[in-house]
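Below: one structure, written as structure tokens.
The values are calculated or read from the model by the stated rules, or taken from the named source; none is laboratory data. Nothing here was measured: the structure is a model prediction, and the numbers come from that model. Methodologically, a virtual Cβ is constructed for each residue, glycine included, from the backbone with ideal geometry; neighbour enumeration extends over all protein chains shown. These accessible areas exclude ligands, DNA and RNA; they are computed on the full protein's heavy atoms, side chains included. Shrake-Rupley method; radii C 1.70, N 1.55, O 1.52, S 1.80 Å.
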Amino acid sequence: MRPFFKFIRLFLWCALPLLSSLAHADTFAPPKGEAIVTIKGAITASNTPDGLVLDLDQLKALPQHSFTTSTTWTEGKSTFQGVLLKDLIAAVGAYGTNVTITALDDYANTMPTTDAKEDGPMLAYLMDGKTMSVREKGPLWLIYPFDDNAEYRNEEVYAHSIWQIARIEFAN
Ligand SMILES: Nc1nc2c(c(=O)[nH]1)N[C@H]1C(S)=C(S)[C@@H](COP(=O)(O)O)O[C@H]1N2
Ligand SMILES: [Mo]
């Protein structure tokens, strides 16, 4: 074989897996348990024909985050645990500039992905260590650290605080 083609072959052999691992932030198997959330649109990850469907174990396998805060919907302070929207964006390879989150009651709200900060919104699936039933605004609730940041204590952010989340869609 001519050296040039040898080089090309070597290049493809080495570079393609690297490039594809950069493009696909994470790979996900189809969910084994009950589906909690469907994520679609401008993302690189996918595990079903409907998009990326995740169960609780798969959410637990993503980077975990927690904070304690009061909310206008809960009594006293509660500790919420889940996945930061920021970390979800990285994990699913979301490249859209906005995200629309839709609830089981078809309530939907759109926000820019730049709102997804380290000290910002989290997709909570545990409240005080327990999963939340639909009646308790579960299974997934977008919660902000309201107590830590006065800028989160206003109607606009309350409208982003979607409970009973079913679908998350990224778009440009
Ligand atoms: N699933 C779901 N989440 C939701 C809503 C809703 O109707 N359904 N309303 C949103 C809006 S517009 C606001 S201001 C607050 C409303 O909270 P409240 O109904 O306790 O005033 O929750 C937000 N999250
Ligand atoms: Mo609202």
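Dipole of the chain, Cα-centred, from +1 at each Lys and Arg C-beta and -1 at each Asp and Glu C-beta, to the nearest 20 debye?
So the magnitude is around 1000 debye.
In nm, give the distance between the simple-model label positions of residue 105 and residue 26, each being 7 Å from the Cα along the Cα-to-Cβ direction.
2.9 nm
At 1.4 Å probe radius, can you tell me the per residue accessible area of the chain in Å²?
Heavy-atom SASA per residue in the chain reads 57 Å².
What is the percent carbon and sulfur in the accessible area of the chain, measuring with a 1.4 Å probe over the protein chains and ignoring ligands?
That share works out to 56 percent.
Quote to one decimal, in nm, the extra length available between residue 2 and residue 79 on full extension: 0.36 nm per residue of separation minus the C-alpha distance between them.
Value of the extension gain: 21.3 nm.
Given a 1.4 Å probe and heavy atoms of the protein chains only, how would you sort 130, 60, largest accessible area at the top?
Per-residue accessible area, sorted high to low, gives 130, 60.
Run the quick spin-label model on residue 155 and residue 60: label points 7 Å from Cα toward the beta carbon, then report their separation in nm to one decimal.
Here the modelled spin labels are 4.1 nm apart.
Dividing the Cα radius of gyration by the Kirkwood radius, what Rg/Rh value follows for the chain?
Value, to two decimals: 1.09.
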